[in-house]
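Enquirer: Sharing a structure here in structure tokens format.
The values are calculated or read from the model by the stated rules, or taken from the named source; none is laboratory data. In this text the structure is predicted, and so the values were computed from the model without any measurement. Cβ: placed from backbone, ideal geometry, glycine included. Neighbour counts: every protein chain shown.
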Amino acid sequence: MLFGISRFLINGWVEQLYIEPTHYFTYLGFDWVRPLDGNLMYAPFILMIIASISIMLGMFYRWGTVIFFICFTYIELLDKSNYLNHYYFVSLVSFLMIWVPANARFSIDVLLMPSIKRSTMRQWHSGIIKFQLSVVYIFAGIAKVNSDWLFEAQPLKTWLQAHHQIPVVGGYLQQDWAAYLFSWSGCIYDLFIVFFLLSARFRPFAYFFVVFFHLVTWYLFPIGVFPWVMIFSTLIFFSDHFHEGILNRLGAVNSRKKKTPLPRPRKFVRTALLVYVVIQLLVPMRFLLYKGDLFWNEEGFQFSWRVMLMHKEGHATFYLVDKKTGRESEIQNSDFLTPTQEDQMATQPDMILQYADILREHYDGQILEFGDYKFPIDDPEIRAEIYVSLNGRPSQLFVDKKHDLTKLPYNLAHREWIETLKE
């Protein structure tokens, strides 16, 4: 994460994604999360760099984990147009690390405070992180059991076309069989890799496939540091003897030190763990409460580990309609949104409603001028005609112009105003 956060500063992404926008698409219930003014937006990123170093060195570790979790989650909640599954994963793991004594053995904190040193941990300290990694893999595998992924090899068939320039293998990646190979092997990998990692017998072979799989995805697809996060995090599945062997070679610990058994966790801790586990199992399954195609409607899509499963392109034309005169004016989306926001908004129903609210608030009470004529706008209608293409399908109507989007509720209910996907 030190490397990942540094990239945001080096590549100018802080300014591009969090300073330049004039509007932000917050998550439902998090409208109160607002950006800091101007260059103050650099502060959370600088704090995250300091915190990540603190966590790595085990120096003021607890403060480091708390600061990193708060800052990273704050940045994640600012604008859903920047949503990625692995950002959600980082928030969860940084939250879990607040409660895990990762600084109790091989850390600067132990040098500063010898009283915290111990060689025994509770099973849940590593178990909860193993569980979180397992949730990511298994739900990602279950999500791949769909007709687009398995029988159409989409969206990989579309994405692999962009890699024709790769020496030797570029030509093969253009073939349909390559897309099907990637699709089926990715599904099988996600579904079963955890079970092999849990087996002492197969764990070394499984980890080889973990490294191979994530290096291939990192090379072919622009998914940032996520493959590296998974490669190194998955090492937690190895036994304590494996990790102590590494530290022994470094001369860092004495594995012969007596290990003191710990009492059973308190009831409160057991209850909190159970609640966390249940939430992590239920949230990815909430899409079952909605009808229609998940990838088309995106109801229950976020926070459900549906990694690289769809390719959507949309074209959205918004209209300002004066109720009194019926006069209609086309709106330039680029006047309000950044290219990233405009691209994401065009295919996501919740962002479409939020954008309609932004437009209504902007135009309500304004006086528009057309030549010598002036037209006061009072409680305007915002309508849109949106066409979307999903996983290689021809573009089709997504939102009909007949709806006044300002009158539609922004909540968790099924959105009847989204047109039905035609196969």
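Enquirer: Tell me which residues, restricted to region 386-418, are in a loop (DSSP other than H, G, I, E, B) and basic (Lys, Arg).
Expert: Arg393, Lys401, Lys402, Arg415
Enquirer: On the given criteria, is Tyr319 in contact with an Asp or Glu (Cβ under 7 Å, 6 or more places away or on another chain), more than 30 Å from Leu160 (Cα to Cα) and not basic (Lys, Arg)? Talk me through it step by step, then tell me what you get.
Expert: On the way: in contact with an Asp or Glu (Cβ under 7 Å, 6 or more places away or on another chain): yes; more than 30 Å from Leu160 (Cα to Cα): yes; not basic (Lys, Arg): yes.
Criteria met by Tyr319.
Enquirer: Can you tell me which residues in region 352-383 are under 21 Å from Leu408 (Cα atoms), outside any helix (DSSP H, G or I) and of a type in the set (A, V, I, L, M, F, W, C)?
Expert: Ile377, Ile382
Enquirer: Moving on. Step by step: first the residues of region 1-22, then only those that are in contact (Cβ under 8 Å) with a residue 60 or more places away in the chain and surrounded by fewer than 17 Cβ atoms within 10 Å (Cβ to Cβ), then the one that is nearest to Gly64 (Cα to Cα). Which residue is that?
Expert: For region 1-22, the residue satisfying everything is Phe3.
Enquirer: Sticking with this structure for a sec: What number of residues within region 19-50 satisfy the criterion of being touching a Pro at 6+ places or on another chain (Cβ under 9 Å) and within 12 Å of Asp79 (Cα to Cα)?
Expert: First pass over region 19-50, keeping only residues touching a Pro at 6+ places or on another chain (Cβ under 9 Å): 19, 21, 24, 35-36, 41.
Restricting the remaining residues to those that are within 12 Å of Asp79 (Cα to Cα) gives 19, 21, 24, 35.
Summing the residues that are touching a Pro at 6+ places or on another chain (Cβ under 9 Å) and within 12 Å of Asp79 (Cα to Cα) in region 19-50 gives 4.
Enquirer: Something else about it: So Ala413 fits all but one of (1) of a type in the set (Gly, Ala, Ser); (2) surrounded by 15 or more Cβ atoms within 10 Å (Cβ to Cβ); (3) over 23 Å from Pro155 (Cβ atoms); what number is the exception?
Expert: Every condition holds for Ala413 apart from (2).
Enquirer: Also: For region 324-351, which positions are farther than 17 Å from Tyr27 by Cβ and either touching a Pro at 6+ places or on another chain (Cβ under 7 Å) or assigned to a helix (DSSP H, G or I) (or both)?
Expert: If the condition is that a residue be farther than 17 Å from Tyr27 by Cβ and either touching a Pro at 6+ places or on another chain (Cβ under 7 Å) or assigned to a helix (DSSP H, G or I) (or both), then Asn333, Ser334, Asp335, Thr338, Pro339, Glu342, Asp343 are the ones that fit.
Enquirer: For the condition within 20 Å of Ser304 (Cβ to Cβ) and either part of a helix (DSSP H, G or I) or under 20 Å from the mean Cα position of the chain (by Cα) (or both), what is the one hit in Leu9, Leu40, Leu17, Leu96? Don't jump to the end; show me each part of the working.
Expert: Numbers: Leu9 fails: within 20 Å of Ser304 (Cβ to Cβ); Leu40 fails: within 20 Å of Ser304 (Cβ to Cβ); Leu17 fails: within 20 Å of Ser304 (Cβ to Cβ).
It is Leu96.
Residue by residue, here is whether (1) surrounded by fewer than 16 Cβ atoms within 10 Å (Cβ to Cβ); (2) among the polar types (S, T, N, Q); (3) part of a helix (DSSP H, G or I) holds:
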{"site": "Lys157", "(1), (2), (3)": "no, no, yes"}
{"site": "Gln161", "(1), (2), (3)": "yes, yes, yes"}
{"site": "Ile188", "(1), (2), (3)": "yes, no, yes"}
{"site": "Phe196", "(1), (2), (3)": "no, no, yes"}
{"site": "Arg201", "(1), (2), (3)": "yes, no, no"}
{"site": "Phe205", "(1), (2), (3)": "yes, no, yes"}
{"site": "Trp218", "(1), (2), (3)": "no, no, yes"}
{"site": "Leu235", "(1), (2), (3)": "yes, no, yes"}
{"site": "Phe242", "(1), (2), (3)": "yes, no, yes"}
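Enquirer: When you go through Trp218, Trp177 one by one, which is the residue that is of a type in the set (Phe, Trp, Tyr), touching a Pro at 6+ places or on another chain (Cβ under 6 Å) and in the same structural domain as Ala162 (by TED's automatic domain parsing)? Break it down into steps so the answer makes sense when it comes.
Expert: Details: Trp177 fails: touching a Pro at 6+ places or on another chain (Cβ under 6 Å).
Exactly one residue qualifies, and that residue is Trp218.
Enquirer: Run down Leu288, Leu274, Leu281, Leu320 and say which single residue is aliphatic (A, V, I, L, M), outside any loop (DSSP other than H, G, I, E, B), surrounded by fewer than 17 Cβ atoms within 10 Å (Cβ to Cβ) and touching a residue at least 40 places away in the same chain (Cβ under 8 Å).
Expert: Values: Leu288 fails: touching a residue at least 40 places away in the same chain (Cβ under 8 Å); Leu274 fails: touching a residue at least 40 places away in the same chain (Cβ under 8 Å); Leu320 fails: surrounded by fewer than 17 Cβ atoms within 10 Å (Cβ to Cβ).
Every option except Leu281 fails the conditions.
Enquirer: Further question on the same structure: Given the conditions (1) modelled with pLDDT of 95 or more; (2) in contact with a His (Cβ under 9 Å, 6 or more places away or on another chain); (3) not aromatic (Phe, Trp, Tyr), which single one is not true for Ile223?
Expert: In the conditions (1) modelled with pLDDT of 95 or more; (2) in contact with a His (Cβ under 9 Å, 6 or more places away or on another chain); (3) not aromatic (Phe, Trp, Tyr), Ile223 misses (1) alone.
Enquirer: For region 90-109, does any single residue satisfy the condition of being free of Cβ contacts under 8 Å to residues at least 60 places away in the same chain, farther than 25 Å from Ala272 by Cβ and buried (at least 16 other Cβ atoms within 10 Å of the Cβ)?
Expert: no
Enquirer: Also: Scan Ile142, Ile128, Ile138, Ile116 and give me the residue that is touching a residue at least 12 places away in the same chain (Cβ under 8 Å), on the phi < 0 side of the Ramachandran plot, hydrophobic (A, V, I, L, M, F, W, C) and touching a Leu at 6+ places or on another chain (Cβ under 6 Å). Working first, answer last.
Expert: Values: Ile142 fails: touching a Leu at 6+ places or on another chain (Cβ under 6 Å); Ile138 fails: touching a Leu at 6+ places or on another chain (Cβ under 6 Å); Ile116 fails: touching a Leu at 6+ places or on another chain (Cβ under 6 Å).
Just a single option satisfies the conditions, and that option is Ile128.
Enquirer: Next question, about the same structure. Take Leu150 and decide whether it is more than 20 Å from the chain's Cα centre (by Cα), part of a helix (DSSP H, G or I) and at pLDDT 90 or above.
Expert: Values: more than 20 Å from the chain's Cα centre (by Cα): yes; part of a helix (DSSP H, G or I): yes; at pLDDT 90 or above: yes.
Criteria met by Leu150.
Enquirer: While we're looking at this one, here's another question. When Phe398 is evaluated against the numbered criteria (1) surrounded by fewer than 17 Cβ atoms within 10 Å (Cβ to Cβ); (2) modelled with pLDDT of 95 or more; (3) not aliphatic (A, V, I, L, M), which criterion, by number, is the only one it fails?
Expert: (1)
Enquirer: Follow-up question, since we're still on this one. Quick one: Gln354 ticks every box in (1) more than 24 Å from Tyr18 (Cβ to Cβ); (2) in contact (Cβ under 8 Å) with a residue 60 or more places away in the chain; (3) not charged (D, E, K, R) bar one, so which box is it?
Expert: (1)
Enquirer: Check off (1) polar (S, T, N, Q); (2) out of contact with any Gly (no Cβ under 7 Å at 6 or more places or on another chain); (3) more than 30 Å from Met1 (Cβ to Cβ) for Gln154 and give me the number that stays unchecked.
Expert: So Gln154 meets the others, but not (2).
Enquirer: Restricting attention to region 27-77, which residues are farther than 27 Å from Val100 by Cβ, in contact (Cβ under 8 Å) with a residue 40 or more places away in the chain and buried (at least 16 other Cβ atoms within 10 Å of the Cβ)?
Expert: Scanning region 27-77 gives a single hit, Pro35.
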